1. Residues of region A:362-410 that become at least 40 Å² less accessible with every protein chain present than in their own chain isolated, using 1.4 Å: which are they?
2. So which residues of region A:224-249 lose at least 30 Å² of accessible area, probe 1.4 Å, when you go from the chain by itself to every protein chain present?
3. What does the accessible area per residue of region A:69-409 come to in Å², with a 1.4 Å probe and no ligands, DNA or RNA counted?
4. In the structure displayed, which of B:Lys36/B:Lys133; A:Lys63/B:Lys133; A:Lys98/B:Lys106; A:Lys63/B:Lys41; A:Lys103/B:Lys148; B:Lys41/B:Lys91 lie more than 24 Å apart, Cα to Cα?
5. Which far-off residues, 5 or more places away or on another chain, put their amide H under 5 Å from the one on B:Thr58, with H placed in the peptide plane?
6. Using the Cβ atoms and a cut-off under 12 Å, what net charge is assigned to the surroundings of B:Glu24, where Lys and Arg are +1 and Asp and Glu are -1?
7. If one puts a single equal scatterer on every Cα of region B:5-147 and applies the Debye formula without solvent, what log₁₀ I(q)/I(0) results at q = 0.09, 0.10, 0.13, 0.22 Å⁻¹?
8. Going Cα to Cα from A:Lys194, which lysines come in below 29 Å? Please leave out same-chain ones fewer than 8 positions away.
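The values are calculated or read from the model by the stated rules, or taken from the named source; none is laboratory data. Bear in mind that the values here come from a model prediction, so they are computed numbers and not experimental data. Glycine gets a Cβ as well: all are built from the backbone with ideal geometry, and neighbour counts include every protein chain shown. Protein only, heavy atoms only, side chains kept; ligands, DNA and RNA dropped before computing areas. Shrake-Rupley method; radii C 1.70, N 1.55, O 1.52, S 1.80 Å.
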Amino acid sequence: MSVVDQHHVMLPEGSIGKQTSTLNLGPTHPATHGVFQNILELDGERIVDAEQTVGYIHRAFEKLAERRPLYQITPLTDRLNYCSSPINNMGWHITCEKLLGIKTPKRVDYLRVIIMELARISDHLICSSVMGVDTGAFTGFLYVMQYRELIYEIYEEVCGSRLTTNIGRIGGFERNFNDIAFRKLEQFLDEYPKVLKEFENLFTRNRIFMERTMGIGGISAERALNYGFTGPNLRAAGVDYDVRVHSPYSSYEDFNFNVPVGSTGDCYDRFLVRNKEMWESLSIIRQAYQKVQEFKGEEAEVFHADVPEYYLPKKEDVYTKMEALIYHFKIIMGETDIPSGEVYSAVEGGNGELGFYLISDGGRTPYRLHFRRPCFIYYQAYTELVKDSMLSDAIIVMSSLNLIAGELDA
Amino acid sequence: MALTNETIRLRLQEKFTGEVTGFEEPFGLLTFSAPKDSNLKVLQFLYEDAELGFQFLTDLCAVHYPERRGEELAVVYHLHNLVENVRIRFKVYTNISQPDVFTASKLFESANWMERETYDFYGVNFVGHPNLKRILNVDEMEYFPLRKEFPLEDQTRIDKDDEMFGRGGTNGFGDRWDEEKLRTISEAEQNDSKEIL
């Protein structure tokens, strides 16, 4: 007799007719944290079957990208996983740089690492704290939210916007980091560890939280791989696959960090893996910040590679120099031909391997662009994860997977 | 022994003599193609062979090449051997009039939705798929929107001259204007303005 059966009231055979009911969870349900629908087939409170419907915010990014020059595609990537837009932006820049054969300076790489790891923290802290909300603990959510705000303020200093960041350019950043950005980063590095510790104290050994999450929505490593899981969800199942380690980009090979793994792949493990990853991210940011400070003299001012065909010239040059004006015009109008080629490049996004498959035929826009969205791929396992569990568990499984509707639907 | 692109190529050529062709290595990623009837055989060999072990399907999508007669649609698989950390790209071409390709969803659960997405946008009919219906678009849609014959902008617009900025010619779909229709429209407009005058 399984654990579920013990909790389930067993009626004598034939006392009432067997009946299941259908429940529409979503598309606009406060507990789904996004626009997608789950049709659940319930036997009492136990889930017999589930079917997901996605596509409510499909915006045809792949089609749109076929008529845009490279730099105009960055804002589209913002809107994939909007909890960690900078990672998407950087992933796209790195893809373009791979196709165009651009080598970025080390300082740019380290600054990118800082921004990407900040984005990872902001992504994970939302997911972990929302799991708390769904198990009935609101405090943790509000507590860490202040620090997401601080991360957004850092983005704001670097690129001027907060949620959909459009941060960086092909070849580097649009401007150098200013002192306020670094001061806020120091403040974050100083204050956030205490907050994260407190947050973990609230949840990790919390009886109610553990009972609600342990053994719920578990998946074996084998099934997780077969379902194409990546990122924290795969690592929670015990596979140490991390794009940052397997195919390093943006000089991740220069950093020391651990890849935390779980064992059962259930909601509790996913929660633990995400929390542990936040600690690793903090350590990476510290290392990167130290490396950035080590640059002296002219090197300390470098914030982009020298690629005049793709990187916008300075405004004062545009007004005074002919060549700069020509480049400015060519870039803005999308007049530059992209070399032809086929490239696949992936970064470790908040949810896993975020891949960009870009085909160029030598025109000014991509011939074809495909996004490998981790969310879309692992959400199909949802039916298997929630089968035979309770309705209230379905909500926690959903929040522990960190499903982002923008990434699902592209 | 580390798994190299050369080893994979030799193993494939040995197993599928002459069937697996078009070996390339753009940006170091081994790329090859096979006839569409044997896509499943190749995938299964790559999956089950002890040495190759490509057991992780990273990505599956399609590409439309209208100029290639008889092989207009390409289905592209990105596979990953996580142990050796080697990636490969495998392509299968099919004609657009009867785009039947065997499903990989028996081998990889992850292919299920990715194939539905590919069907949704390109109309590739995955034979044997358990639930081949649209996934992101509405069920009532009657066309496959990512095919190249569907231009992004409204084709009846005549106020915009994209040729000026060179974007009209991209991908050989620049001459989307129906010259005949365009003339009728502008003539009609001229008549309108005459009437106003």
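1. Residues losing area: A:Arg364, A:Tyr367, A:Arg368, A:His370, A:Arg372, A:Phe376, A:Gln380.
2. A:Leu225, A:Asn226, A:Tyr227, A:Tyr241, A:His246
3. About 35 Å² of surface per residue is accessible.
4. Table pairs above 24 Å Cα-Cα are A:Lys98/B:Lys106; A:Lys63/B:Lys41; A:Lys103/B:Lys148.
5. Amide H neighbours of B:Thr58, under 5 Å, 5+ apart: B:His78, B:Leu79, B:His80.
6. Within the 12 Å Cβ shell, the charges total +1.
7. Taken in order of the listed q values, log10 I(q)/I(0) reads -0.27, -0.33, -0.55, -1.45.
8. Candidates past the 8-residue exclusion: A:Lys184, A:Lys276, A:Lys291.
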